[in-house]
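Working notes for the structure below.
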Amino acid sequence: MSAPLFEIAILARATWNLHSLNNEGTVGNVSEPRTVVLADGRKSDAVSGEMLKHIHAQNLWLTALDKSIFCESCRVLQPQRADKSADLDDIAKKTKGDAARILDAALEGCAMCDLHGFLRTKPSIPRSSTIEFGWAVALPEHFHRDHHIHARHVVEGRGVERNSVSEDGEEAGGAAAQMVYHRPTRSGQYALVSVFQPWRIGLNEVVYRYAEVDRLVRFRIGIEAYKALFTRTDGAMTSTHLPHTEGIEGIVVISNSNFPAPAPSPLSESYREDVVAAQRVLTGIESVSFDSLPQLLGVLDEMAKREPFTLELPKEGRRK
Ligand SMILES: [Zn+2]
């Protein structure tokens with residue numbers, strides 16, 4: 001039997017063509033792509049960690065067969081409202097704002113709140129996410145950007161509005177352009193980093209005790225949501241800019257003792273070698289490389305057969 005999983009880091013390079021997954025916003029009729037600046041001053045194209053985390057949360061909801069494992073807000077995919085739960089308000093009233101008991105109830109009542117975190121006010125109870133994402137950053141030497149003109153037309157004489165794509169704003173049949181707008185299209189190889197902390201699933205971090213939750217089930221749905229996220233690239237503007245995903249390669253790093261998993265950035269050419277080098281000087285670190293989506297899915301399936309790490313904790317109520 002393999003050792004339980006303390007922490008998992010997924011480090012990858014994904015090739016996405018002709019996408020518009022994440023934009024800064026729209027000024028006038030021009031949408032601007034996300035731009036980030038790296039340590040050496042070079043600018044690159046990027047997709048935010050917020051976007052990736054949101055997609056993981058969506059997939060967590062989608063792939064969970066039993067939606068009763070979520071609170072009222074998360075059941076209808078509105079985790080931002082989870083802090084408004086009436087049940088939690090009741091418990092807050094009954095316990096005179098006992099933060100530990102409110103957090104127990106929140107963790108026990110919802111797999112999404114437990115895995116993805118929340119921020120509750122009155123009393124203030126932050127729950128930081130067990131699943132973390134960095135920006136997906138294009139390798140500075142391997143990305144391209146273009147702006148394409150799109151036009152929305154009204155077909156003359158029929159008053160029928162429809163979308164079409166045209167470089168010159170004209171369409172066969174004499175249709176008149178009603179609105180012209182510019183959409184970025186980007187292609188590149190993107191470095192992705194994500195860390196999952198199975199040891200924190202169900203952990204009440206007000207008093208450092210595990211709440212009464214099925215940690216194994218939650219761990220497995222967390223892994224399943226990663227599989228869904230990598231299987232089909234999602235994000236903004238996918239109705240007309242669905243990415244042409246060409247490939248994914250990387251390394252899954254596992255820590256099986258209470259020590260963080262090393263997570264060197266795939267921006268560096270040597271990221272996989274760096275993990276293997278770190279493995280030699282650290283104990284309890286394992287890693288598996290992958291060069292395709294099926295291989296990554298296989299690695300994640302193997303991980304789902306293992307158990308989340310349970311931390312040895314001081315006696316209950318230490319901080320009461
Ligand atoms: Zn929830």
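Readers should treat all values here as calculations from the given coordinates under stated rules, not as data from a laboratory. Predicted model only: the values in this text are computed from it and were never measured. A quick note on method: Cβ atoms are made from the backbone with ideal geometry, for glycine too, and the neighbour counts reach across all protein chains shown.
Odds and ends about this structure:
- Mean residue ellipticity, 222 nm, helices only, the chain: the sum of -39500 (n - 2.57) across DSSP H runs of n ≥ 4, divided by residue count and rounded to 500, is -8000 deg cm²/dmol.
- Measuring between their Cα centroids, the range 269-299 and the range 49-96 lie 33 Å from each other.
- Only Cα pairs under 8 Å and 6+ residues apart enter the sum, and on that basis the relative contact order of the chain stands at 30 percent.
- FRET efficiency, Val36 to Leu119 (Cβ-Cβ, R0 35 Å, nearest 0.05): 0.90
- Under 29 Å from the Cα of Lys315 - lysines, other chains or at least 8 residues apart: Lys93, Lys94, Lys96, Lys122
- The range 199-320: C-alpha gyration tensor shape, a/c 1.5 cut-off, then a/b vs b/c: oblate
- Cα radius of gyration and Dmax for the chain (Å): 22.9, 78
- Summing Lys and Arg as +1 and Asp and Glu as -1 over all other residues whose Cβ lies under 13 Å from the Cβ of Arg280 gives a net charge of -3.
- Simple Cβ-charge dipole of the chain, Lys/Arg +1 and Asp/Glu -1, about Cα centre, in debye nearest 20: 1240 debye
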